[in-house]
Amino acid sequence: MNEDLRNEVEAINSIYGDDSLTATEEENVFILRLPQRDASLRLWIPPDYPSSPPAVLGTQSSGAHTRKGEAAHVVEVFRDVLGRLFQPGEVCLFDVIEEVNNALPSEVECPPEEQDAHLTLESWSNDSAFEDTTPREHQPPWTISDVIIELKSVFVARSAPVSTPDQAKQYLQRLLDSDKKIRSATHNITAWRIKGDNGVTFQDCDDDGETAAGGRVLHLIQLMDLWNVMVVVTRWYGGHQLGPKRFSIINTVARDAFVKAGLVKGDVSAKKKGKR
């Protein structure tokens, strides 16, 4: 495995959860587990990647809840996006995964025992937990993501422009002080990346008890090549372990907050490639 591929594998596993992209015993064959989806793909990645493009060999697993024909559709979409985004000499798998995940429809309907969590989405969306109750003139300029509810765990992210680490810390404290429900959430995961005067840069993150989550969010900010921004991902634990999937959801809401804030220009394909 060459250095470019090794770095990209590490980045993808950091962002989407351990074992998202893993090598098999077959030479140059990898298994890709797409974030928030049951289907997994078999990829052939040539030894000289990124000089030569990867290829989709087919489906490794369709997953227990995948509709008939959906796995084949995932393969088709992945091949199409890969063909459009690959440029010789530039790693592309992160960009392809992001665009495929955005292009595909929402995951299959949840089993009946999980539907009660999704039925609460409207009530969560209208809840005061997503509104800063301090006077408007004193509110940080938060942009709020869509809410994701998974097995009764609720995730939402806020992003805001910041110019100094002190300002980021003040915004976070003001958010915690402004709403008891946010303050009492299971986790408030934070990350920021700031470019100051004279080229001095600052970046930091905090897991707030969700081990390794802050570093993964910061890694996402680095991959998206964003500066002078902070993000807070709030999670209320729903009583069910989500495993590595929670990292994918955390990064999904963080990215959604950046998109809604206008920080992502155009499609994923428009982002700079080669960032790890």
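State the number of residues belonging to region 230-245 that are at pLDDT 90 or above and surrounded by fewer than 22 Cβ atoms within 10 Å (Cβ to Cβ).
Restricting attention to region 230-245, the residues satisfying the condition of being at pLDDT 90 or above are 230-236.
Subset that is surrounded by fewer than 22 Cβ atoms within 10 Å (Cβ to Cβ): 236.
Summing the residues that are at pLDDT 90 or above and surrounded by fewer than 22 Cβ atoms within 10 Å (Cβ to Cβ) in region 230-245 gives 1.
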Scan region 6-43 for residues that are assigned to a strand (DSSP E or B) and of a type in the set (S, T, N, Q) and jot them down.
Thr22, Ser40
In this structure, does Ser145 turn out to be closer than 22 Å to Gly238 by Cβ, at pLDDT 50 or above, hydroxyl-bearing (Ser, Thr, Tyr) and touching a strand residue (DSSP E or B) at 6+ places or on another chain (Cβ under 8 Å)?
yes
Residues in region 208-220: is at least one in a strand (DSSP E or B), over 22 Å from Asp95 (Cβ atoms) and either over 16 Å from the mean Cα position of the chain (by Cα) or in the same structural domain as Ser20 (by TED's automatic domain parsing) (or both)?
no
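The values are calculated or read from the model by the stated rules, or taken from the named source; none is laboratory data. Bear in mind that the values here come from a model prediction, so they are computed numbers and not experimental data. Using ideal geometry, Cβ is built from the backbone for each residue, glycine included, and neighbour counts are taken over all protein chains shown.
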